[in-house]
Amino acid sequence: MHILHRNGDIYELCENVDFIPQREAQRPALREMFHHSPEDRPRYEQWKYFVEHGLPSGLKLHRTLLASWERCRSLEVNPTALQCSEFTPMQQLETAVSLYHELAQDIEKSIYFRIKDSGLLITVTDSNARVLRTCGPRHILKLADLLNFGPGASWTESSVGTNAIGTSLVEGVPLQVLGEEHYCRSHHAWSCTAAPIFDPHGNMWGCFDISGPVASDHRHALQLVIEAAREIERRMFTAYLADIEVKSRSLLGTVLNAAQTGILAVGGNGNITYSNRTAEALLGQRGNLCGQRADAYVDYGLFLRKKQRGTEDEAPVTLVCRANPALRVLATPLPNSGCGHEAIITLNLPGHTPPSPRILHSLQPAQSFGEQRFGDVLYTSAAMSQVVHRARQVAQTPSTLLIFGETGTGKELFARAIHNASPRAAGPFVALDCGSLPRELIQSEFFGYKRGAFTGALHQGRMGKFQQADKGTLFLDEISEMPLDMQVNLLRPLEERRITLLGDNREHSVDLKIIVATNRNLEDMVAKGLFRQDLFYRINVIQLNIPPLRQRKEDIRLLAEYYARKLSGEFSLPFVSIDPDVTDILLKYSWPGNVRELLHCIEYAVNVMRDGVIRVDDLPPNLAQNPLPPAPERGGRFKLHDATAETIRKALAFHGDNISHTASALGIGRNTLYAKLKKFGLR
């Protein structure tokens, strides 16, 4: 099996190595595959009559298809369009692609082997009819490529007319569209069958489609797409239930950890199965007590002896605490626990006095009691507290905001938090990476264009990011990477909040807050002639500086544990604790990659940890073996310059000079990579 792969602005065919190679069936000539039988002629005449007159010619047409034709006509879809011309960057579809791959790789494989000799393709889209994946026999994929029927393409009715994917998503039912039932003439040689996929909340998630030339074998297509869609839905529901269970456990753990009473859960074998932080502090222990014997801390044998007498009494049993005899300890048997030996043990200081902050401070991470949030931004440090206070203030006004922070500090998280804390929270939040935009698309991306503005433009025109963010927030990331000669385009929109679409001579007002972000010193760039001074003055109305992680080390424990618990839940892995030695290494490390580097470090550790405990040998090798890299130089940029250039050089060599793969591996856009190659003299 082969897949149609998007490489920048072109499609490439590549073999899917996940499948065992199979000899393809003898394929018929193209003229045979696209041959129309005589009975197709009436359908063509009906299509032609409708396109010309807007009315059915009298030949029977299913009401669903007729309604779709009428929608296409009202949308002014060009029935003679040769191919799809509307695309979405694949970076925007990565989440949906990853989810589909995780849930349905084997489903796709099973369906493919049932149609591999039928001359058919498998296509999957998201709820907006944007193609996530196209796979099938090589010779059929070549035909699909002529229509741009590949990843990123928009298969909505407004883009390509009546088709099984777009129409099925509109109607919410499985659908088959044969030959001339398509609204666009270029699709008359194809027949396609699609079934919508719904998420556990009943919302449209996407579509599973089987397509091929009209002469291919479509007899079982409808049954197969319904079967595939329902199985994907079942797996989504199972994953949703598992997520609820993980979140419920996490919520319960949070509630119990907030309790002023120490709590231990003990299993039937006498081992501790859960301990909250207050219990650990009262018993003078660091870290989770799971797996340890309960009788090492309390006289648990007394509880067992009373239960073994066969009494039905479920009253708490008072025990003696071996670790701290001053504590008041009660063991309460769990009802319906079978053997009756499972219990919940509570520990309190005399008079139910909560544990003193002094005791807890030496045994517990400070963030457990001082954790604060601003949107998805977690912190306990005074440095971040000041920044968040300023952010909450500026969120209340429409003034333009410039966020400065090193790579990985979470500039977009701050921007989203500011939007959600603002009076515009109900409006859209639109993010745009200025460094990833091709020069020729900058104006159309920012301001949109009127129908017919240029060759290749969408027939109905397109809204730009400024209009999309109306009544909300527009976030312009990596503003420093925008070409100098294109920066002039932002001056008037930023000053007056008025824009002009390409191909239009009218101005449009927009009501939005603008947040700009950069990791570079714009004042230095202005002095060197690399950034427009007038643009700098327009965006530097209010400045927010996010401190690097090395300057807010009080937050490291909080973030490490938060990400460890979050990722463990997402991966359905148990999480118990982070070893104190690991915490010491994390606190001493300088984190040149900031929070993003910490997240990747914890993700690595979660993947390799044993028994739910992150230990030193679970850290990435460079961190475990060399935990104290020198802090970034303050005197100049040459060390960082050389390190960046070397990283790009190695990535290029690893990926055989493939720009798309290298950019993806580095987490940047192709145009940004080209700019850096030029800057560092690598090309």
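Structural remarks
- Selection count, the range 62-119, where residues are among the polar types (S, T, N, Q) and assigned to a helix (DSSP H, G or I): 9
- Residue satisfying all of: in the range 184-214; over 22 Å from SER118 (Cβ atoms), in contact (Cβ under 8 Å) with a residue 60 or more places away in the chain and part of a loop (DSSP other than H, G, I, E, B); most open to solvent (accessible area, probe 1.4 Å) among these: ASN203
- Taking first residues from the range 41-61 that are farther than 17 Å from ARG71 by Cβ and modelled with pLDDT of 75 or more and partners that are hydrophobic (A, V, I, L, M, F, W, C) and open to solvent by 80 Å² or more (accessible area, probe 1.4 Å), the Cβ contacts under 8 Å between residues at least 6 apart in sequence or on separate chains come to TYR49/LEU55.
- Yes/no for ASP145 being acidic (Asp, Glu) and assigned to a loop (DSSP other than H, G, I, E, B): no
- Filtered residues of the range 152-183 (kept if surrounded by 24 or more Cβ atoms within 10 Å (Cβ to Cβ) and part of a loop (DSSP other than H, G, I, E, B)): TRP155, GLY161, THR162, ASN163, HIS182, TYR183
- Restricting attention to the range 287-332, the residues that are of a type in the set (Lys, Arg) and modelled with pLDDT under 85 add up to 4.
- Residues of the range 403-427 classified as open to solvent by 30 Å² or more (accessible area, probe 1.4 Å), assigned to a loop (DSSP other than H, G, I, E, B) and at pLDDT 90 or above, total: 1
- The one condition in (1) closer than 28 Å to ASP106 by Cβ; (2) open to solvent by 10 Å² or more (accessible area, probe 1.4 Å); (3) not small (Gly, Ala, Ser) that LEU146 fails to fulfil: (1)
- Residues that are within 18 Å of GLY408 (Cα to Cα), open to solvent by less than 60 Å² (accessible area, probe 1.4 Å) and either part of a helix (DSSP H, G or I) or in contact with a strand residue (DSSP E or B) (Cβ under 9 Å, 6 or more places away or on another chain) (or both) within the range 569-619 comprise LEU586, LEU587, ASN594, VAL595, GLU597, LEU598, LEU599, CYS601, ILE602, listed in sequence order.
- Count of the range 258-279 residues which are buried (at least 21 other Cβ atoms within 10 Å of the Cβ) and not in a strand (DSSP E or B): 4
Matching residues to (1) open to solvent by 50 Å² or more (accessible area, probe 1.4 Å); (2) more than 30 Å from TYR240 (Cβ to Cβ):
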site	(1), (2)
ALA517	no, yes
LEU530	yes, yes
LEU535	no, yes
PRO547	no, yes
GLU554	yes, yes
TYR562	yes, no
LEU567	no, no
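- Residue satisfying all of: in the range 98-116; open to solvent by 10 Å² or more (accessible area, probe 1.4 Å), in contact with an Asp or Glu (Cβ under 8 Å, 6 or more places away or on another chain) and not β-branched (Val, Ile, Thr); nearest to MET236 (Cα to Cα) among these: GLN105
- LEU413 satisfies every condition listed in (1) farther than 19 Å from ASN521 by Cα; (2) in contact (Cβ under 8 Å) with a residue 40 or more places away in the chain; (3) not polar (S, T, N, Q) except (2).
The values are calculated or read from the model by the stated rules, or taken from the named source; none is laboratory data. Everything numeric here is computed off the predicted structure, so don't read it as measured data. Here Cβ is always computed from backbone atoms with ideal geometry, including for glycine, and neighbour counts include all displayed protein chains. Ligands, DNA and RNA are stripped out before the accessible areas are found, and what is left, the full protein with its side chains, is counted by its heavy atoms. Shrake-Rupley method; radii C 1.70, N 1.55, O 1.52, S 1.80 Å.
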